[in-house]
Amino acid sequence: MEHDADAKPEKRFHGIAVAQGIARFPAFIQYTQDEEIGRRDVGETGVAGEVARFESALIATRVELLEIQQRIAQATGMQDASIFDAHLLVVEDRTLIDEVLRGLERDHANVEYVFQQVVQKYCATLEAIDDPYLRERVVDIQDVSRRVIRNLLGKAPQNPAANQSPHIVFAHNLTPSDTALLNRELVRGFATEIGSKTSHTAILARSLEIPAIVGMQGICQEIQLGDDILIDGYNGILILNPCAATLAEYERLERQKEQVAERLRLIRETASTTRDGRHIVLSANLDLPEDLLEVGVSGAEGIGLYRTEFLFLNRTEPPGEEEQFGHYRVAAERCMPHSVIIRTLDIGGDKEMPGAGTDREENPFLGCRAIRYCLENPGIFKTQLRAILRAATTNNIRIMYPMISGVEEFRHANVLLEESKQELAAAGIPFNPWIEVGVMIETPSAVFVADHLAKDVRFFSLGTNDLIQYSIAVDRLNDRIAHLYNPTHPSILRMIKMTVDAGRARGIWTGVCGEMAADILLTPLLIGLGVEELSATSALVPQVKKAVQSLEAFACEDLARRALEMDDSAAILEMSTSMARENYGDLLN
Ligand code: PEP
Ligand code: MG
C-alpha cells in the first residue's frame, strides 16, 4: 500500500459497547463539567474590554438557549419547552449582572473568574434557603453559567444544536435528560468517559439507534474538535483517524450486518413461536413517545414497557392530564390489537425531574424513586392514573407499577387508582374501570413476596436491570464494578424462577422487560425458566424474534434445569451462549 506521509496515525480506544452501529463523523466535544478557571489581572484599563466580552457572552448564550428552546418545541410539539424560560431569565437577571459589573470595577480580574465567583456565592445563598423553588433555581443558574463561561472562553457551544453538520459527541457524562435532547439528525454516535450498559443513557442510545460507547476514561482529553472518528458500537471500539485498511474492514462488517438485517426484515410479520410451538409474546420497550413508529416497524406485539418518565424530563412542570392522555391514547390506537403496558412514573435514580428533589439524595437509586415518589406525591400520580384510565377505553392498555417492594405499596397505589376512578366517574368522564394492573418485579423483596403479590396482580414483569443492581448490590451506573453486574449470577436465575413459579401458581404470566430480554445470548435461559413475554427495545426486537423461532422450548427447559443447579455464573453464560450459537450463530458474529 502506498504510504501517505500526511496521514495522521490511527489510534484505537476501547470502552463498554452500549448501542450497536457503525458511524464515521467528525468529533464534537460537549462539556458537562465545570471549567477550571484561574484569576488573571486585567488592570484598570482592561475592565472595559471585560465588560464587552461579558455582554457578548450573555448575548451568545441567549441565542443558544432560544435555539434549543425552539428545537425542543418543534421536536415534542410542546408550546412551552418551559425549562428554558427559566434559563433565559438567568441571563437577564439584573442583580446577578450588576454584581459581576461591580466585581469587575473592584477587582480588575478576568470576567470569567469574577462571574464564577458571583455565581458560586449566589448559588450558596439560594441553597441555604429552605425553599424547593429557590433550590431548583440553583440548577438553572449552574447550567446557564457553564454556557456563559464556555462562551467567554471561546469554546464550542455546549449544545450540539449549534453544530449544524453530523458529528459524534464526546462528553464526560450524558444524563438521560441530555440524551433525550440529542438531535438524531446530527448526533450520529456518542462516547462518554463514565457510564454503564444498563444506565438509562445507554438504554436511550439503543432506542434512538445511535451507536454509543461508555466508560471511556479520559477520552475527552485525547480527542479534539473536528477529529476524524469511527465509532464501532458493536464492539466498543473508537478509532481516531481510521486508516484505509480499517475503513475497508468496517465496510465489510457493515455489509454483513446489513445482510443480517435484511433477513430479519423478512420475518417481521411472523409469530415469535419456538420450533416446538411455544408462543413467547415479544413486545417493545418505548422510551421516547416519538419512537412509536419504530415499534410497529420492529414487528413487536405491542408495548411491554412504556417508560412514561421521559414525558416528565426536561421541563419544569409535569405534563398535565390532557397531554398525557394524548400520548397514551395514540400509543394504544397505534398498537391495536396488541396491548400497551404503561408503567407509571419512575422518576429518581439516574432520571432527575426538575423540582422533584431526587438529585439531592445520597443514594438516589435507594431513595425516593418510582412508586415511592408517586405515593408521596399523590397529585402527580393521580393525574397520570386518570390519563391512563381515560386512554384505556380502547381496552388494550394495562398499568404497571415500578419498584414495588411489597404488598403494602401495591395496595396503597391501588387506593389512589380507585380514587382516580371515582373522580372520573363523579365528573362523568369515560374511563376503563376494568383495567388490568401488574407490577414490576425489580427488588429482591418483591421476589420473596411474589406469592402474596400474585393474589392481586394480573401480571409480573421482571425489571432485571434493577433486580440485578439491588440483588448483587452493584450500582448499575458504575463502570468500575461493571464486571460484577452479572445477569447469569445463580441468584438471579433463582429469582426469575421463583417469580415465574409464584405467578403460575395463581395463573398469571411473567415477562421480562429489563435489558436481559434483548440479550439473545440469554434467550435460551429465559425461555427455559418459563418467562412468557419478552420486551426489548424496538431495534433489537427482530433479532430476539429470530432467536425465539430458532429454539426449542423443551431443550431450553432442560438447559435451565441444569443451570439452576450450577454455582458459576460464567459457566451458566457459556452454556446458554453455546445453545444460542448452535441455533442462530449467524446473529452473533
Ligand atoms: C428494569 O429495571 O429492568 C427496568 C426495565 O426498568 P428501568 O430500566 O427503567 O429501571
Ligand atoms: Mg427498573
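The values are calculated or read from the model by the stated rules, or taken from the named source; none is laboratory data. This one's a predicted model, so the numbers in the text were calculated from it and none came from an experiment. Positions of Cβ are generated from backbone atoms using ideal geometry, with glycine treated the same way; all protein chains shown enter the neighbour counts. What goes into the accessible areas is simple: the full protein's heavy atoms, side chains included, and nothing from ligands, DNA or RNA. Shrake-Rupley method; radii C 1.70, N 1.55, O 1.52, S 1.80 Å.
When we screen 313, 292 for residues that are within 16 Å of ligand 2 (Cβ to nearest atom), surrounded by 14 or more Cβ atoms within 10 Å (Cβ to Cβ) and closer than 30 Å to residue 420 by Cα, the only hit is 313. Where residues in region 432-453 are farther than 21 Å from residue 522 by Cα and open to solvent by 20 Å² or more (accessible area, probe 1.4 Å), which of them is farthest from ligand 1 (Cβ to nearest atom)? Taking the candidates together, the pick is 433.
Within region 224-232, is even one residue under 25 Å from residue 543 (Cα atoms) and of a type outside the set (A, V, I, L, M)? Within region 224-232, one or more residues are under 25 Å from residue 543 (Cα atoms) and of a type outside the set (A, V, I, L, M).
Within region 553-589, the set of residues being buried (at least 19 other Cβ atoms within 10 Å of the Cβ) and in contact with an Asp or Glu (Cβ under 8 Å, 6 or more places away or on another chain) comprises just one member, 553. Output yes when any residue across region 462-483 is out of contact with any Phe, Trp or Tyr (no Cβ under 6 Å at 6 or more places or on another chain), outside the structural domain of residue 564 (by TED's automatic domain parsing) and not in a helix (DSSP H, G or I), and no when none is. Looking through region 462-483, at least one residue is out of contact with any Phe, Trp or Tyr (no Cβ under 6 Å at 6 or more places or on another chain), outside the structural domain of residue 564 (by TED's automatic domain parsing) and not in a helix (DSSP H, G or I). Taking the listed residues 184, 188, the one that is part of a loop (DSSP other than H, G, I, E, B), more than 11 Å from the chain's Cα centre (by Cα), touching a residue at least 24 places away in the same chain (Cβ under 8 Å) and away from ligand 2 (no atom under 16 Å from the Cβ) is 184, with no other qualifying. Assessment of region 343-355 against the conditions (out of contact with any Ser or Thr (no Cβ under 6 Å at 6 or more places or on another chain) and away from ligand 1 (no atom under 16 Å from the Cβ)) yields at least one matching residue.
Filtering region 364-400 to residues that are touching a Gly at 6+ places or on another chain (Cβ under 8 Å) and not β-branched (Val, Ile, Thr) leaves 364, 365, 367, 368, 369, 370, 372, 373, 396, 398, 400. For residue 338, the conditions (1) farther than 30 Å from residue 271 by Cα; (2) open to solvent by 50 Å² or more (accessible area, probe 1.4 Å) all hold with the exception of (1).
Please verify whether region 267-278 includes one or more residues that are under 19 Å from residue 584 (Cα atoms), touching a residue at least 60 places away in the same chain (Cβ under 8 Å) and open to solvent by less than 20 Å² (accessible area, probe 1.4 Å). Yes, that holds for at least one residue.
Just one of the listed residues (203, 229, 210) is assigned to a loop (DSSP other than H, G, I, E, B) and either more than 16 Å from ligand 2 (Cβ to nearest atom) or surrounded by 14 or more Cβ atoms within 10 Å (Cβ to Cβ) (or both), and it is 210. For region 269-289, taking the residues that are hydrophobic (A, V, I, L, M, F, W, C) and away from ligand 2 (no atom under 16 Å from the Cβ), the one that is farthest from residue 303 (Cα to Cα) is identified as 271. Within region 105-154, the set of residues being open to solvent by 40 Å² or more (accessible area, probe 1.4 Å), in a helix (DSSP H, G or I) and of a type in the set (A, V, I, L, M) comprises 124, 128, 134, 139. Pairs are defined by a Cβ separation below 6 Å, a sequence spacing of at least 6 or placement on different chains, a first member in region 79-99 that is open to solvent by less than 20 Å² (accessible area, probe 1.4 Å), and a second member that is among the basic types (Lys, Arg) and modelled with pLDDT of 80 or more; the pairs so defined are 91/62.
Selection of region 31-90 for residues being modelled with pLDDT under 70, on the phi < 0 side of the Ramachandran plot and small (Gly, Ala, Ser) yields 73, 75, 82. Taking region 269-295 as the range and being in a strand (DSSP E or B) and of a type outside the set (A, V, I, L, M) as the test, the residues that pass are 273, 279, 283, 285. Comparison of 466, 456, 479, 501 shows that the only residue that is more than 16 Å from ligand 1 (Cβ to nearest atom), buried (at least 21 other Cβ atoms within 10 Å of the Cβ) and acidic (Asp, Glu) is 479.
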